[in-house]
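S.K.: I have a structure I would like to understand better, so I am pasting it below and will then ask my questions one at a time.
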């Protein structure tokens, strides 16, 4: 597995037609930023209102209190006294509608037709070392788009509480039934704050409807920006600078659209955002975290009197009713806020890559000058380097890792030659078939000392195993890593 | 001297082909092989490294 340079369609100024280009660093970063769009199409950590999914979010109900008028009285002889007229009363509505959902999501493992992932420029060995196209492997895709996409989302402030495109897919409270760059998860309010509408009660209207309130609806919305809001959108061309892929069905090279890109990348992101220990587990709370959206506030009038009101209709109809009075104030005890939370803890996991039929690719083809050495180095911090005598420095980051976080314990690694030439003057090592503690960086290399120009290209594959004990009785994972070199013949 | 077929010039005095409306199997193969001989190849590999398409293209500097 490795970081690859994706391809896209580009037409720089002066070019007659669009051509296929490798993405530069800026374009790649823009694709990483677009991960937020992809996740937002189908977030795996989300809120719903009044459904049967997930669990009721702890900390409810949302409480709404408000005064209503008393029942009216009518007499034929006189007005009922204030004491005889029903008092105003306080009503309470409790809302338990907010549900937290973490969808079931597993890390995708497939590679349909071996062409599921984008293509990159690939150099083959042999006499005609041309530049060709090759589809990324699943682990290439993770190294190139998933991991950096998650890191970009973190860097751009996905959990910072605002509701911009960098927070696409997160949820928030709003009092708008049509929030901009967002979509309501339900037309049903999360809760309603009703406050007596004092001005609505009039003498001439007795009998007045008892409940007459001014309502503020609180909704749950999801941040939902259009794809055109991201840098990948080329507004001049009306297209998106997204990676190319080989469509195995039509045998055409095509460029991803926002929809197809979201369908490809989204399932990986969904796994990380809903999995404890992934480093990106996301949830919502009513008690702590980073606030998202409006604060729910319960307001009610504070009565300044009984609100006793009379209405003479005729000599047989003397009416009275008591109305809510006063001005609205906040009931602090009922205030609620929605928070987004993230658990950055990572479950330490050893994970090698490559199979016997599809080993992890080496980066380049060093050429022999009579002595060539290539290989891999497994570092104590979990990273993996390539080794190439032609590069300076000889070791350089492959973008791959053997563990997903800084190791908290001692692991042990064992190397063996899986395949490769057995010619004399070709050696593999320095240490084969021996468990070595990864408290120091460990190297597996092949050195070919045959004279240059006496052989063609060569390939070797190493079998790599990592165990949790020095005897290798508990092997955690096995991988296969290859290397190439050119003899010059 | 130009070459005509049924009154239509098909090879000009400048030795250019003109008005060729079709090719037979032999000629198609000849043209195809001439392109292949340029050895300007784009290969498409799947993620397992298996070559699935081979595209032979014209070259900027033709191979003679």
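Just so you know, all these numbers are worked out from the coordinates, no wet-lab data involved. It should be emphasised that the depicted structure is a prediction, and the values quoted were computed from it without experimental measurement. All Cβ positions, glycine included, derive from the backbone under ideal geometry; neighbour counts span all protein chains shown.
S.K.: If you count, for every residue in A:238-249, the Cβ atoms of partner chains within 10 Å of its Cβ, what is the mean?
M.R.: Numbers: counts 0, 0, 0, 0, 0, 0, 0, 0, 6, 0, 2, 0.
Mean shielding count: 1.
S.K.: Any chance you could give the angle, 0 to 90 degrees and rounded to 10, that helix A:258-274 forms with the longest Cα principal axis of chain A?
M.R.: So the helix axis and the longest Cα principal axis differ by about 80 degrees.
S.K.: Also, quick follow-up: Enter the Cα centre distance for the pair the stretch A:307-337 and the stretch A:74-118, rounded to the nearest angstrom.
M.R.: Each part reduced to its Cα centre gives a spacing of 27 Å.
S.K.: Which percent of the Cα-Cα distances in the stretch A:258-307 go past 15 Å?
M.R.: Values: 856 of 1225 pairs.
It works out to 70 percent of all Cα pairs.
S.K.: On to the next question. So how far apart, in nm, are the two label points at residue A:209 and residue A:176 if each is 7 Å from Cα heading toward Cβ?
M.R.: Calculated label separation equals 2.8 nm.
S.K.: So what is the calculated 222 nm ellipticity per residue for chain B, using -39500 (n - 2.57) for each DSSP H run with n of 4 or more, over all residues, to the nearest 500 deg cm²/dmol? Mind showing how you got there, number by number?
M.R.: Working: 1 runs with 13 residues, N = 64.
Rounded to the nearest 500, it is -6500 deg cm²/dmol.
S.K.: I'd like the FRET efficiency for residue A:107 and residue A:397, computed as 1/(1 + (r/R0)^6) with the beta carbon distance as r and R0 of 35 Å, rounded to 0.05.
M.R.: Details: r = 23 Å, r/R0 = 0.67.
The computed FRET efficiency comes out at 0.90.
S.K.: Let me ask something additional. When the label point is put 7 Å from the Cα of residue B:8 along its Cα-to-beta-carbon vector, which residues of the stretch B:27-52 have a backbone N closer than 12 Å?
M.R.: none
S.K.: Of all DSSP beta bridges located in chain A, what percent are antiparallel, nearest 5?
M.R.: Numbers: 106 of 109 bridges.
So the antiparallel bridges amount to about 95 percent of the total.
S.K.: Sort out for me the Cα centre separation of the stretch A:411-479 from the stretch A:127-178, rounded to whole Å.
M.R.: 35
S.K.: Using a 10 Å cut-off around each Cβ of peptide A:114-120, what is the average number of partner chain Cβ atoms that fall inside? Can you show the working numbers first?
M.R.: Working: counts 7, 6, 2, 2, 0, 4, 0.
Mean number of neighbouring Cβ atoms from other chains: 3.
S.K.: Next question. At a Förster radius of 56 Å, what calculated FRET efficiency corresponds to the Cβ-Cβ distance of residue A:236 and residue A:288, to the nearest 0.05? Before the final figure, lay out the partial values.
M.R.: On the way: r = 46 Å, r/R0 = 0.82.
Computed FRET efficiency for residue A:236 and residue A:288: 0.75.
S.K.: Further question: Per DSSP H run of n ≥ 4, the term is -39500 (n - 2.57); total these for chain A, divide by its residue number, and report the mean residue ellipticity at 222 nm rounded to 500 deg cm²/dmol.
M.R.: Numbers: 5 runs with 45 residues, N = 489.
One gets -2500 deg cm²/dmol as the mean residue ellipticity at 222 nm.
S.K.: Still on this structure, please answer the following. Going 7 Å from the Cα of residue B:23 toward and past its Cβ, which residues in the stretch B:39-64 have a backbone nitrogen under 17 Å from where you end up?
M.R.: Answer for this model: B:39-40, B:55-59, B:62-64.
S.K.: Moving on to the next point. Please sort A:44-50, A:200-206 by packing, taking for each peptide the average over its residues of neighbouring beta carbons within 10 angstrom, highest first. Spell out each step's value before the answer.
M.R.: Details: A:44-50: 20.9, A:200-206: 15.1.
By packing density, highest mean first, the sequence is A:44-50, A:200-206.
S.K.: Taking every residue in A:131-144, how many Cβ atoms of other protein chains lie within 10 Å of its Cβ, on average? Show your work: numbers first, answer last.
M.R.: Working: counts 3, 9, 7, 9, 8, 1, 4, 1, 1, 1, 1, 0, 0, 0.
Per residue, the average neighbour count from other chains is 3.
S.K.: Can you give me the angle between helix B:25-37 and the longest principal axis of chain B, using Cα atoms only, in degrees from 0 to 90, rounded to the nearest 10?
M.R.: 50
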